[in-house]
Amino acid sequence: MGEKTINVQGETCPVPLVETRKAVRKAKPGDILIIKGDHPPSKEEIPMAVEALDLELISIEEDGKRWVIKIKIPEEG
Amino acid sequence: MKDETVYLDNSSSTKMDERVLEAMRPYLFEKYAVASSEFGYSLGIKAKEGLEDARSTIADKIGADAEEIIFTSCGTEASNLALKGVAKKLSEDKDHIITSKIEDFPVLKSAQSLEKEGYEVTFLEVDDEGFVDVDELEKAIDEKTGLVSIQHGNQEIGTVQDIEEISKICDQNDVLFHTDATHTFTKLPIDVSKTPIDLLTLSAHTIHGPKGIGALYVKDGTDLEKLMDGGFQENNRRAGVENIPGAVGFAKAVELVTEEENERLKEMRDALIKKIKDEIPDTTLNGPAKDRTPQNANITFHYVEGESITLHMDMRGFSVSTGSACFSKSLEASHVILGIGGDHERAHGSVRFSFGRYNTMEDVDRTVEAISEVVERLREISPLGKDK
């Protein structure tokens, strides 16, 4: 199990979602992904993707314009 | 990503039919020699027979003679050969070329490249459904015009041009006519014995054949310069060892297409267009309702970005493409949607659904269900959607 941070601050749609998808594809079961961004629609779109991909949304933290989304890749079985 | 994919990007490329692979197999593992004449050894002669049978099959499909088919590495090479190969042979007083603004890149870029070399090139406008105005074409032809290249079916919005009329105009004006039939070959009738077409681009991978093989029909007597130096293959018109397994696979792919299959493509296309129109507000069909390639539906979902749609559809197990900028390798919005008078918003929200042999009507229902949800949710979070 590992932890990976994806920094997409300053990036706009669809880049944060593209980078998240890339990280999800490379991640292993149990891994935690931390996505840091500041584009408002991406903060909404990433949880949408988490739901579609049956991942676990751990948290969404906001600090002004910036946001941090934590995702867990489900354990196998 | 979901394991099971509903693949609706068959205009980009198709899944190869397993029967095509079976037809190719002997030419990979048994008759693998280069094609040779009767003066050569048996393995090469057998390979040559396979190549020539494939050539005949493809020629028959368009009413051509086998000698008029040149195998190439792909449709792109075929269109490059058509435009550049002909252009190099045009006399100085015939160096005007006419094409349209919405051609696929092989023709468009070849024409632009020739323009840089000093040829005069006219890029015709199209109407809001993508049709070339034949009167405009006729007006554009002058005594210097040597070649006209207008595609048969459009790659993005499916517009089918009236190539019978266009080819007749060219013929009457003694101008060579090329058409890119990548998206119509085997799906719509093409008969070069009845229609005065001089050059025609064909491709295998869009009809469940192998990648890496295409062909150019060149009417007997048409002067064409070789683009690559090398051997004397393809009647000394295209150098390089022939891709015989590819050619055999191409021919098999042609044989496997049926009219019933083409009808089924149309039914799926029409059902998808109707369901989206009925169920999702603020959509625009790009391209015509009639005279459209059987496999193509292209719809703009206003207030959302095409990339977001394709990404969220992918996560639900659906493969579709968009004319939006980031999706394209050129990082530019679709020149086709812009060419039919659409603005950048229309191009960015455009999604192409293209059907193939392995799609079913159930795929249509599932696709519409998924895209309804995706578009609705994206509109909720889209700044454009909120303002509408």
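The values are calculated or read from the model by the stated rules, or taken from the named source; none is laboratory data. Not measured: the values here are computed from a predicted model. Please note: Cβ atoms are built from the backbone with ideal geometry, for glycine as well, and neighbour counts cover all protein chains shown. Note: areas computed on protein heavy atoms with side chains; ligands, DNA, RNA excluded. Shrake-Rupley method; radii C 1.70, N 1.55, O 1.52, S 1.80 Å.
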Problem set entry | Under DSSP loop assignment and at most 15 Cβ neighbours within 10 Å, longest chymotrypsin sites (Phe, Trp or Tyr not before Pro)-free interval of chain B | B:42-231
Exercise. Can you give the accessible area of B:LYS94 in Å² (nearest 10), computed on protein heavy atoms with a 1.4 Å probe?
Worked result: 50 Å²
For this session: When a/c is below 1.5 the answer is rounded, else prolate if a/b is larger than b/c, else oblate, so apply that to chain B with a ≥ b ≥ c taken from the square roots of the Cα gyration tensor eigenvalues.
Result: oblate
For this session: Kindly compute the accessible surface that chains B and A hide from a 1.4 Å probe when together, both sides summed, and give it to the nearest 100 Å².
Result: 1400 Å²
For this session: Specify the angular offset, from 0 to 90 degrees and rounded to the nearest 10, of the alpha carbon long axis of helix B:163-172 from the longest principal axis of the alpha carbons in chain B.
Result: 40 degrees
For this session: Treating cross-link reach as a plain straight distance, find the lysines whose alpha-carbon is under 16 Å from the alpha-carbon of B:LYS89, omitting any fewer than eight places away in the same chain.
Result: B:LYS144, B:LYS219, B:LYS226
Problem set entry | Normalised alpha carbon radius of gyration of the protein assembly as shown [divisor 2.2 N^0.38 Å] | 1.08
For this session: Starting from the exponent 0.38 and prefactor 2.2 Å, build the expected Rg for the stretch B:1-155 from its residue count and divide its actual Cα Rg by it.
Result: 1.37
Problem set entry | Percent of Cα-Cα distances greater than 14 Å, calculated over the stretch A:3-72 | 51 percent
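Over chain B, with the other protein chains present, what is the accessible area per residue in square angstrom, probe 1.4 angstrom? Can you show the working numbers first?
Numbers: 16640 Å² over 388 residues.
For chain B, the per-residue accessible area is 43 Å².
What length, rounded to one decimal in nm, is gained on full extension from B:ASP162 through to B:LEU43, with 0.36 nm per residue of separation minus their alpha-carbon distance?
Details: separation 119, 0.36 × 119 = 42.84 nm, distance 4.48 nm.
Length gained, B:ASP162 through B:LEU43: 38.4 nm.
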Seminar exercise, completed: Residue-ordered couplings for the stretch A:50-56, obtained by feeding phi - 60° into the Karplus form 6.51 cos²θ - 1.76 cosθ + 1.60 and rounding to whole Hz (Gly and Pro as x), are 4, 5, 5, 9, 6, 9, 9
Exercise. Going down the table (B:LYS194/B:LYS252; B:LYS48/B:LYS290; A:LYS26/B:LYS31; B:LYS88/B:LYS290; B:LYS109/B:LYS290; B:LYS15/B:LYS109), which pairs top 31 Å between alpha carbons?
Worked result: B:LYS48/B:LYS290; A:LYS26/B:LYS31; B:LYS88/B:LYS290
Problem set entry | ³J(HN,Hα) computed for each position of the stretch B:336-347 - Karplus, 6.51 cos²θ - 1.76 cosθ + 1.60, integer Hz, glycine/proline x | 6, 5, 5, x, 8, x, x, 8, 5, 4, 5, 5
Exercise. Across the residues of A:45-54, average count of Cβ atoms on other protein chains within 10 Å?
Worked result: 5
Problem set entry | For B:GLY214, distant residues with modelled amide H under 5 Å away | B:THR72, B:SER73, B:CYS74
For this session: Go through the stretch B:147-208 and name the trypsin sites (Lys or Arg not before Pro) that are in a DSSP coil and have 13 or fewer other Cβ atoms within 10 Å of their Cβ.
Result: B:LYS194
Exercise. Taking Cα pairs under 8 Å and at least six residues apart, what relative contact order does chain A come out at, in percent?
Worked result: 34 percent
Exercise. Counting Lys and Arg as +1 and Asp and Glu as -1, each charge on the Cβ, what is the dipole of the stretch B:18-256 about the Cα centre in debye, to the nearest 20?
Worked result: 1260 debye
Seminar exercise, completed: Using alpha-carbon positions, the gyration tensor of the stretch B:244-388 gives root eigenvalues a ≥ b ≥ c; with a/c under 1.5 called rounded, otherwise prolate if a/b exceeds b/c, else oblate, the class is prolate
Seminar exercise, completed: So for the stretch B:205-249, using the alpha carbon gyration tensor with a ≥ b ≥ c as root eigenvalues (a/c under 1.5 gives rounded; past that, a/b versus b/c decides prolate or oblate), I'd call it oblate
Seminar exercise, completed: Tilt, helix B:306-315 to longest principal axis of chain B (alpha-carbon atoms), in degrees rounded to tens, equals 90 degrees
Problem set entry | Candidates per GluC sites (Glu not before Pro) in the stretch B:94-166, loop by DSSP, up to 12 other Cβ within 10 Å | B:GLU117, B:GLU143
Problem set entry | Spin-label pair B:ASP65/B:ASN235, simplified geometry with 7 Å Cα→Cβ offset, distance in nm | 0.7 nm
Problem set entry | Charge dipole (chain A, unit charges on Cβ, about Cα centre) - positive-most of A:VAL18, A:ALA49, A:PRO74 | A:VAL18
Exercise. Taking only DSSP H segments of four or more residues, each worth -39500 (n - 2.57), what value at 222 nm results for the protein assembly as shown once the sum is divided by all its residues, to the nearest 500 deg cm²/dmol?
Worked result: -12000 deg cm²/dmol
Problem set entry | aspartates and glutamates with Cα under 19 Å of A:LYS65, excluding same-chain neighbours fewer than 8 positions away | A:GLU11, A:ASP38, A:GLU44, A:GLU45
Exercise. Taking the alpha-carbon centroid of each part, what is the distance from the stretch A:1-51 to the stretch B:162-205 in angstrom?
Worked result: 48 Å
Problem set entry | Built amide H within the under 5 Å cut-off of B:PHE177, gap 5+ | B:VAL148, B:ASP198, B:LEU199
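So for the stretch B:88-173, averaging the separation of alpha carbon pairs under 8 Å that are six or more residues apart and normalising by length, what relative contact order in percent results? Could you put the intermediate results ahead of the total?
Numbers: 109 pairs, mean separation 29.4, N = 86.
Reported relative contact order: 34 percent.
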